[in-house]
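Q: Input: one structure, supplied below.
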Amino acid sequence: MHADPPTPCQLITVDLSCRRNERTLFAGLSFRVGAGEALALTGPNGVGKTSLLRILAGLLRPESGTVAIGPPDADLDLGHRSVLVSSRDPLKGALSVRELLTGWQAIVFGGGEEILDAALQAFDLMPLANVPCAYLSSGQRRRVSLARLLLASPQRCPVWLLDEPTNALDSGARKKLAAAVALHRARGGLVIAATHDPLDWPDLATLDLGAHNAARARP
Amino acid sequence: MSAFLALVKRDLALALRIGGGASFALVFFLMIVTLTPFAIGPDLNLLARIAPAILWIGAVLATLIGLDRLFQADAEDGTLDLIKASALPLEAVVLAKCLAHWLTTGLPLALAAPLFGLLLAMEPAGMAAASASLLVGTPALTFIGAVGAALTAGIRRGGVLIAIMALPLMIPVLIFGVAACNAAVGGTIAFATPFAILCALTLIFAVVGVIGAAAGLRQSD
């Protein structure tokens, strides 16, 4: 692993609100996550954690408010500054793990084979590299999804958006995820994770969407 | 450009692997072509006269196979979100997926048309015309279907909906495709006239279909 200079980067949301199916999930949400920081999104089911992540990834338009990831290259749009690992694993049963990740590299991230090998190693996927994705267990599928994070360069995609990242992961894989997150933060990246599991990451800030909504509802 | 080619390559690999369905369209095409003589009976003159129509109807219906999964498969498992994060504009993504679909559906149909023409007692000139018209006409079918596929990407069992939306738009392609085949074996107009219109239809739908499908995908969230 080569050491990258820390990228000064921050994600700022201002007065964000989200409506889905005629229902306001959250409103007036303003927060800032700086370089090297991590934020856990918590709250009850259906409070809008996944919707917030999709807004931050540029996949969903907020009802109002703005999201900015910057600098540098502030002109790039949101989807190109972040990597979203959603709760669904975008795997193709017919492709092997290596073919799948190589395809993602070619289509989305760029980068060479050494980056791919490092990503496979980081999540202990080397023994599974030539196994078709159809034969993987759900924990293994999750690890393949997470390995995608390491394909993106921390300069181009400093923001990691994780939706229930620890789902189906065993304790060893959780440690590997924590190590990957720590390395990304040390390089100046920032991490936002929606989760119900307590994450044992150091200096983890928490944003409770349920509490945010309750505080707004009070007169 | 490399991302575009990688997307085409990935879709081709997925289609050609077991369960990918690349051969389904061709087999379905063969089924339609072989069923017709059984239904019509042993009248070779009649069969030869309606052969272009049968080949083209078969091609139109066979193109619909696989269209329902064109975007739906990627929308279901979240791959579409990932592709949206690539530097490729969505129009290029649609074009790549249409190209892969045509290479595994329309192109085999066009290449197999002379062979299937034998089953329908076609003349050699008619077979050549059928092959040529399918070669330039089937991309239009794919592009028309792509719009329907994009609009139904988030819907389960969207296949029938695609057929209902796309088939009416495919009528002009069908008319001029069959007209080109008929013109090659006689008739009052030159082969080049309907063939040129068919080429024009493909070019028009290449633009309209790609832009329309990309717009449909943008709305899907």
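The values are calculated or read from the model by the stated rules, or taken from the named source; none is laboratory data. Just so it is clear, the structure is predicted and the values come from calculations on it, not from any experiment. Heads up, the Cβs are rebuilt from the backbone with ideal geometry, glycines too, and the neighbour counts pull from every protein chain shown. Side chains included, ligands, DNA and RNA excluded: accessible areas come from the protein's heavy atoms. Shrake-Rupley method; radii C 1.70, N 1.55, O 1.52, S 1.80 Å.
Q: Quick test for you: out of B:A121, B:A125, pick the one residue that is open to solvent by 10 Å² or more (accessible area, probe 1.4 Å) and at positive phi.
A: B:A121
Q: Now for a different question. Going through A:L41, A:L76, A:L52, A:L59 one at a time, which residue ends up being modelled with pLDDT under 90, among the aliphatic types (A, V, I, L, M) and within 20 Å of A:T195 (Cα to Cα)?
A: Checking each option against the conditions leaves just A:L59.
Q: Shifting gears a bit: Using the structure shown, decide if A:F26 is in contact with a Leu (Cβ under 8 Å, 6 or more places away or on another chain), aromatic (F, W, Y) and surrounded by fewer than 17 Cβ atoms within 10 Å (Cβ to Cβ).
A: Answer is no for this residue.
Q: Based on what the data block shows, is B:G66 on the phi > 0 side of the Ramachandran plot, open to solvent by less than 30 Å² (accessible area, probe 1.4 Å) and away from chain A (no Cβ under 14 Å)?
A: no
Q: Suppose we filter the range A:165-188 for residues that are open to solvent by less than 10 Å² (accessible area, probe 1.4 Å) and assigned to a loop (DSSP other than H, G, I, E, B); how many remain?
A: Result for the range A:165-188: 3.
Q: List every residue pair whose Cβ atoms lie under 9 Å apart, where the two residues are 6 or more positions apart in sequence or sit on different chains, the first residue falls within the range A:131-157 and is over 17 Å from A:L169 (Cα atoms), and the second residue, located anywhere, is polar (S, T, N, Q).
A: Cβ pairs passing all conditions: A:V131/A:S96; A:V131/A:Q140; A:P132/A:S96; A:L151/A:Q105; A:A152/A:S82; A:P154/A:T7; A:Q155/A:T7; A:C157/A:S82.
Q: Restricting to helices (runs of 4 or more DSSP H) lying wholly in the range B:56-111: which have 3 or more residues that are out of contact with any Pro (no Cβ under 9 Å at 6 or more places or on another chain)?
A: Once the helices (runs of 4 or more DSSP H) in the range B:56-111 are filtered for at least 3 residues that are out of contact with any Pro (no Cβ under 9 Å at 6 or more places or on another chain), what remains is B:69-76, B:90-104.
Q: Check every one of the helices (runs of 4 or more DSSP H) wholly within the range A:64-164 and list those with 1 or more residues that are within 26 Å of B:L12 (Cβ to Cβ) and more than 10 Å from chain B (Cβ to nearest Cβ).
A: A:97-104, A:113-122, A:138-147
Q: Can you name the residue in the range A:42-53 that is in contact with an Asp or Glu (Cβ under 8 Å, 6 or more places away or on another chain) and either part of a loop (DSSP other than H, G, I, E, B) or surrounded by 22 or more Cβ atoms within 10 Å (Cβ to Cβ) (or both) and, of all such residues, is nearest to the other protein chains (Cβ to nearest Cβ)?
A: Out of the qualifying residues, it is A:L53.
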